[in-house]
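Data first, discussion second: the structure below is written as structure tokens.
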Amino acid sequence: MTIADSRVIELSTISDDRGKLTFVEGDDHVPFEIRRVYYIYDVPQAVKRGAHAHRALRQVMIAMSGSFDVVLNDGKVQRRFNLDRPDRGLFIPSMLWRSLENFSTDAICCVLASAPHQESDYIRNYDDFLHAVRVR
Ligand code: TYD
């Protein structure tokens, strides 16, 4: 997979006069089995998060509330996504450098992930990331 495979997925949503209900089933609405869910919130103004890549992990990020930007980079090409709707998720393939920025004060970033947390799956140094994508 490449940065071209990163994409916004419209999540299944049931809407009626009682409000909206959005649901996600792993291996169906997102292209992996969901093994972990975590969320990022209360991010102070102007703070950037992320700044790492994952060797194997695949993720879907959803703005449950508020908005933020996800900047993806494969070492050559950069794509910026603004997420501001709980009925859309951004699919992020493995081996992309990502930065999360421009969080609104009410932003909640929910992440569906393909594997449990494993520090060895992270590349946290940008030069190491560039080296890893070039030798692939
Ligand atoms: P990290 O993925 O580096 O978040 P960000 O890039 O947004 O700052 O995670 C921050 C810290 O939280 C780091 O010490 C690892 C830990 N962590 C877990 O223990 N479990 C998890 O599922 C995640 C995502 C992070």
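The values are calculated or read from the model by the stated rules, or taken from the named source; none is laboratory data. A quick note: this is a predicted structure, and the numbers were derived from the prediction, not measured. For neighbour counting, all protein chains shown are included, and Cβ atoms are generated from backbone atoms with ideal geometry for every residue, glycine included. Surface accessibility is based on the protein's heavy atoms, side chains included, excluding ligands, DNA and RNA. Shrake-Rupley method; radii C 1.70, N 1.55, O 1.52, S 1.80 Å.
What percentage of the solvent-accessible surface of the chain, computed with a 1.4 Å probe over protein heavy atoms, is contributed by carbon and sulfur atoms? Please report the intermediate quantities before stating the final value.
Values: 3640 of 7880 Å².
Heavy-atom surface of the chain belonging to carbon and sulfur, 1.4 Å probe: 46 percent.
Mind ranking 106-115, 44-53 by how tightly packed they are, going by the mean number of other C-beta atoms within 10 angstrom, highest first?
Values: 106-115: 18.6, 44-53: 13.4.
Per-residue Cβ counts within 10 Å, averaged per peptide and sorted highest first, yield 106-115, 44-53.
So what's Rg/Rh here for the stretch 77-117, counting alpha carbon atoms and using the Kirkwood radius for Rh?
Values: Rg = 11.6 Å, Rh = 12.3 Å.
When Rh is taken as the Kirkwood radius, the ratio is 0.94.
Restricting things to alpha carbons, find the Rg to Rh ratio for the stretch 25-72 using the Kirkwood radius for Rh. Each step should come with its number before you reach the end.
Numbers: Rg = 12.6 Å, Rh = 13.0 Å.
Using Cα coordinates only, the ratio equals 0.97.
Roughly what % of Cα-Cα distances in the stretch 6-136 sit above 18 Å, to the whole percent? Don't jump to the answer; show the numbers that get you there.
Values: 4633 of 8515 pairs.
Tail fraction, whole percent: 54.
Leaving out ligands and nucleic acids, and using a 1.4 Å probe, what accessible area per residue does the chain come to in Å²? Mind showing how you got there, number by number?
On the way: 7880 Å² over 136 residues.
Per residue, the chain has an accessible area of 58 Å².
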